[in-house]
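The values are calculated or read from the model by the stated rules, or taken from the named source; none is laboratory data. All of these numbers come straight from a predicted model, not from anything done at the bench. Note: ideal-geometry Cβ built from the backbone for every residue, glycine included; neighbour counts use all protein chains shown. Ligands, DNA and RNA are stripped out before the accessible areas are found, and what is left, the full protein with its side chains, is counted by its heavy atoms. Shrake-Rupley method; radii C 1.70, N 1.55, O 1.52, S 1.80 Å.
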Amino acid sequence: MAEYDFRILGPLEVARDGELIDIRSQQQRALLCLLLINADAVVSTDVILESIWDGDPPKGGASTLHVLVAALRSSLRGNDEPVPTPVTTMHPGYKIVLDSHSLDSATFLQERSDALRLIATDPQLASQKLTAALSLFRGEPLANVAYASFARAEADRLSELRLSAIADRIDAELAAGGGGELVAELESHLSQHPYRERFWSQLMLALYRDDRQADALAAYQRARRRLVEELGIEPSEAMRELEEKILLQDPALKSPLVRRESDLPGRIASVIGREDDVVDVERLLLQTRLVTLVGSGGIGKTTLALECARGIEAGYRDGASLVSLETAENRAEVIAAIARQALLRQPMQADAWPGVVDALRGRRKLLIIDNCEHVIAEVADLVPSLLRACHEVSVIATSREPLQVAGEAIYIVEPLSVPASEDRVDDEEPSETEALFVDRAELVVSEERRSQWSRRDLRRVAFQLGGLPLAVELAAARLRSHTLEQLVEALSDRSDLLTYGKRGNQRQRTLKATLDWSYDLLVPIEQALLRRLSVFRGGWDLEAACEVCAFDGIEESECETLIDRLVDTSMVAVDRKAFCRFRMLVPIRQYSAMLL
């Protein structure tokens with residue numbers, strides 16, 4: 001295949017082997033733009049027809065679209081060469097397959113993510129990387145596809161990301177000790193974006209560093225007048241605190257910015273098998289301010305969220321904080337948990353939510369809102385209102401089901417990889433489950449004992465654990481009193497691992513307690529179907545589930561809806577390797593079978 005470069009950070013452009021391709025057809029450009037916005041994901045035929053024809057698709061739409069796709073492929077090939085293009089047909093629609101650096105917006109997001117990691121340790125290098133990332137913009141994004149409504153929405157999103165990256169670069173330069181040389185640039189940005197408190201705060205600091213204390217205080221008053229007279233709101237607490245520090249001539253303001261001490265809990269053990277997940281979630285956070293990590297209990301959602309936050313915390317002026325909702329039971333307790341991280345100094349009122357929002361307004365902060373599933377309705381109501389009011393706050397939520405709110409990016413946390421079978425021993429690389437088990441076993445088993453392990457027994461243990469990190473942790477802890485061979489036998493008793501526990505989180509002391517929690521959140525008819533589905537050892541399709549499980553209170557017509565609900569709550573997984581097939585993780589199937 002030829003090498004393609006797709007550019008959307010400006011007018012849509014395509015280069016093939018370094019030569020620009022002229023795509024004159026508006027519909028071809030719109031189709032290509034839609035596929036690029038959803039790069040590496042399948043876009044259904046229905047979505048394409050609705051988007052390209054703006055809600056009024058032509059009669060015989062599928063045939064018309066087929067012709068349009070063929071024309072786009074011909075334009076991409078050039079000179080009628082019989083070569084494949086990145087546009088592929090994949091049920092239920094089409095997909096564009098890209099190399100890692102063939103789309104400029106993806107490169108921009110990756111470069112920005114890399115730079116944010118460096119602000120605390122090497123702000124000068126971070127500034128250079130952000131400058132390089134911003135140089136990818138050639139003008140207004142997708143300027144020549146503005147006639148398509150979906151393209152305008154993407155162009156607005158990319159423009160917003162560009163402004164955020166500009167502010168990130170200025171933060172990096174301030175962190176490196178910059179000052180007066182940034183004033184003119186900041187004044188220019190504020191003339192176009194006068195309501196951005198982040199630029200105002202940066203201008204105040206730059207002026208103060210340039211020995212212009214009076215001008216810095218005057219800048220605060222200019223910002224306040226704008227906000228009060230035109231929007232009816234006061235400056236954020238963060239801006240007010242900066243004004244106070246300037247009035248007091250706080251010596252810390254003259255020095256390069258020092259990163260605040262992290263509020264996140266420290267990493268206790270190594271994180272294995274989540275490297276790609278961390279990169280994917282960080283990239284999503286650069287595109288949207290709400291990412292929900294969805295997965296079954298014990299799959300490592302909190303661990304993944306914390307690992308992502310540690311990597312990008314330096315890009316948030318006010319750091320990152322963990323909000324645990326484990327003990328919250330109602331709206332008031334959810335608000336109280338968030339308020340503790342919003343640094344509210346005043347006593348909680350009957351309705352404290354406006355105070356929480358006000359405390360976070362103007363702060364650049366990342367919140368991890370953990371364990372949302374049992375208060376999902378309350379979180380789904382509060383978080384969007386927080387993000388609408390606080391433009392620089394981002395949220396990673398963890399839950400066993402999505403919040404299902406506008407602007408939410410859902411990231412499915414998959415189990416770690418497991419051996420292909422229990423008994424096959426070959427030269428393939430150890431699975432992620434094996435690697436995590438060995439890592440945790442090193443804490444409790446001597447090297448001499450580990451050297452006596454057989455690969456077959458190790459694979460059997462990993463296979464039984466089903467890629468569930470909590471199960472791996474619990475199983476590895478048992479090696480204090482079991483040999484590996486004895487552990488293999490113990491795991492063959494499905495109740496043994498489920499009921500073994502350790503001190504710590506109340507709901508994760510045993511795997512059974514974790515699964516009890518998820519099971520109890522289901523309604524009785526969902527519980528009944530889950531129990532019946534445990535008879536399938538190797539996965540199933542919808543037809544088989546209806547045939548086997550539809551009896552005694554469960555109608556065949558209900559099966560599909562109920563299975564969808566079990567997928568939403570992470571008790572059942574969609575088999576990514578087989579279309580329209582479902583499966584249960586081994587520990588969840590064992591647990592469900594115990595309840596039959």
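Suppose R0 equals 35 Å; then what is the FRET efficiency for residue 575 and residue 555 from their Cβ-Cβ distance, rounded to the nearest 0.05? Display every interim value, and only then the final one.
Working: r = 24 Å, r/R0 = 0.70.
With R0 = 35 Å, the Cβ-Cβ based efficiency is 0.90.
Would you mind classifying segment 88-238 by shape? Square roots of the alpha carbon gyration tensor eigenvalues, ordered a ≥ b ≥ c; an a/c under 1.5 is rounded, otherwise it is prolate if a/b is larger than b/c and oblate if not. Oblate. For the residue pairs 129/301; 254/365; 129/254, the C-alpha atoms sit more than 28 angstrom apart in 129/301.
I'd like the FRET efficiency for residue 221 and residue 191, computed as 1/(1 + (r/R0)^6) with the beta carbon distance as r and R0 of 30 Å, rounded to 0.05. List each step's numbers first, then the result.
Details: r = 17 Å, r/R0 = 0.57.
Calculated value: 0.95.
For the pair residue 490 and residue 114, label points projected 7 Å from Cα toward Cβ lie 4.5 nm apart.
Once R0 is set to 35 Å, what does the formula 1/(1 + (r/R0)^6) return for the Cβ-Cβ distance between residue 439 and residue 149, expressed as a FRET efficiency to the nearest 0.05?
Values: r = 50 Å, r/R0 = 1.42.
Result of the calculation: an efficiency of 0.10.
A simple spin-label model places the labels of residue 50 and residue 245 4.7 nm from each other, with each point 7 Å out along Cα-to-Cβ.
Using only the Cα atoms of segment 188-268, construct the convex hull and provide its projected area averaged over every direction, in square nanometres to one decimal. Show your work: numbers first, answer last.
Working: hull surface 28.0 nm².
Answer in nm², one decimal: 7.0.
Solvent-accessible area per residue in the chain equals 46 Å², computed with a 1.4 angstrom probe and all protein chains kept.
The simple spin-label model puts a point 7 Å past each Cα toward its Cβ; for residue 596 and residue 452 those points are separated by 3.7 nm. With the helix formula -39500 (n - 2.57) applied to DSSP H stretches of n ≥ 4, the chain reaches a computed 222 nm mean residue ellipticity of -15000 deg cm²/dmol. Radius of gyration over Kirkwood radius for segment 252-321, both on Cα atoms: the Rg/Rh ratio is 1.02.
Taking all Cα-Cα distances within the chain, those exceeding 38 Å account for 43%. Each 5 Å bin from zero up to the one holding the largest Cα-Cα distance in segment 94-160 carries the following percent of pairs: 3, 16, 20, 20, 19, 11, 6, 3, 1.
Considering only the chain, what is the antiparallel percent among its DSSP beta bridges, to the nearest 5?
Working: 18 of 38 bridges.
Percentage antiparallel, nearest 5: 45.
Among the GluC sites (Glu not before Pro) found in segment 517-550, not one is both in a DSSP coil and sparsely packed, with 10 or fewer other Cβ atoms within 10 Å of its Cβ.
Shown are 204, 594, whose ranking by accessible area with a 1.4 Å probe and every protein chain present, most to least, is 594, 204.
Taking 0.36 nm per residue of separation and subtracting the Cα-Cα distance, full extension of the segment from residue 27 to residue 270 would add 82.5 nm.
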